[in-house]
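Worksheet for the structure shown next.
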Amino acid sequence: MIFLFRSGRNFRSWKPWLVASGVGKRWKISSRDLKEFVELAMKSLREKGKKAVFREIGDKIYQLELPSDFPRIHAKYGIYHGTFEQRVANEDESLDFFAFGHEVIDDLIDYFRGALTKPSAGIMNFKGHEQANGVLFVYLTEFKGLTTKKKLIPIFLNKNYEFLEDVSNELLKSDVKMLQKADHSDFKDVIADIDTLKNKSNEILMKQLEEEYGKVQEKNAKMVEKELGRSEKLFTFKRNKLYDQIEKEREQLSRIIESGDEKQKRIIPARKGKIRRLQNQIDNLELEKGDKLKKLNELKKVAYNYQLISAVLVS
């Protein structure tokens, strides 16, 4: 579990909220904890006098509506009906699947992350580890390619500015109740050399991101190539189907012309018109294909960013 100590006026009435999230490949945020984040986020908005709706309307199905003046980046105006359970979403395709990458979830995360421009520092006692004497930094990282991957990365530096990876992960998974009891105040009031520590922490983070980037880039490239192949086959199938229809229309048109039947000749303009419409569909399909493949090729290059969301003085 990971603690996020919030700072600023918007969070004075909040207790630290918790999000279970990833350390390496073994730990991922659960649907339960993501739902808890949404509940607390919407509650915070209501406490500010905003109309923020979040309620359960069925078995694991929820109604969600952001305030009308909420600063949207991706989310649309209106009411969402969805679930945090992938199984439920698969059973009913009309439901939104609330997870990382969903427009509402991403906007809520970005909005509340904005309160962390100046993260607060917490003071805590971590028992049972002699080396746990220093500062733990927690970063939220994001890789964007064909899909979006978000991950929490802990970096613990001891009093000698040494990075201890095992301690970092152990602290991140520490007892939640203990973390909730940590006092918090401004960084520099607690950690005198915070700037030096942050610079060192950023250097370590960048090395980790460079290693991770290579893996993510390779995986993303394979996914994009697979999607390009699938799209090519789909467009080829649609185009061939239209060509078959045109061929049938032309054959029928030829038979009508050769028959010499005056009554049949009356429908020649309609037959020709249908052939033109089918050809237009093929032309539009080619344009659609070009746009689709262009967008997919643009997604071959993975973009990433990161943000420091918390720091704790461990003593």
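Of the residues that make up the stretch 263-276, is at least one touching a residue at least 12 places away in the same chain (Cβ under 8 Å), touching a helix residue (DSSP H, G or I) at 6+ places or on another chain (Cβ under 8 Å), among the basic types (Lys, Arg) and closer than 30 Å to Glu212 by Cβ? Step through it out loud before you land on a result.
Start the filter on the stretch 263-276 by keeping residues that are touching a residue at least 12 places away in the same chain (Cβ under 8 Å), which leaves 268, 271-272, 274-275.
Now drop any that are not touching a helix residue (DSSP H, G or I) at 6+ places or on another chain (Cβ under 8 Å), which leaves 268, 271-272, 274-275.
Now narrow it down to the ones that are among the basic types (Lys, Arg): 271-272, 274.
Then keep just the ones that are closer than 30 Å to Glu212 by Cβ; that gives none.
No, every residue in the stretch 263-276 fails to be touching a residue at least 12 places away in the same chain (Cβ under 8 Å), touching a helix residue (DSSP H, G or I) at 6+ places or on another chain (Cβ under 8 Å), among the basic types (Lys, Arg) and closer than 30 Å to Glu212 by Cβ.
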Lys222 vs. criteria exposed (fewer than 15 other Cβ atoms within 10 Å of the Cβ), more than 31 Å from the chain's Cα centre (by Cα), of a type outside the set (A, V, I, L, M) and part of a helix (DSSP H, G or I): no
Residue tally, condition assigned to a strand (DSSP E or B) and of a type in the set (A, V, I, L, M), over the stretch 289-315: 7
Pairs, first touching a residue at least 60 places away in the same chain (Cβ under 8 Å) in the stretch 296-315, second among the acidic types (Asp, Glu) and part of a loop (DSSP other than H, G, I, E, B), C-beta under 6 Å, six or more apart: none
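In the stretch 227-237, how many are of a type outside the set (Val, Ile, Thr) and out of contact with any Leu (no Cβ under 9 Å at 6 or more places or on another chain)?
The total comes to 5.
Quick note: the coordinates plus some simple rules give every number you see, no bench work behind them. Predicted model only: the values in this text are computed from it and were never measured. In this analysis, Cβ positions are derived from the backbone assuming ideal geometry, glycine residues included, and neighbour counts consider all displayed protein chains.
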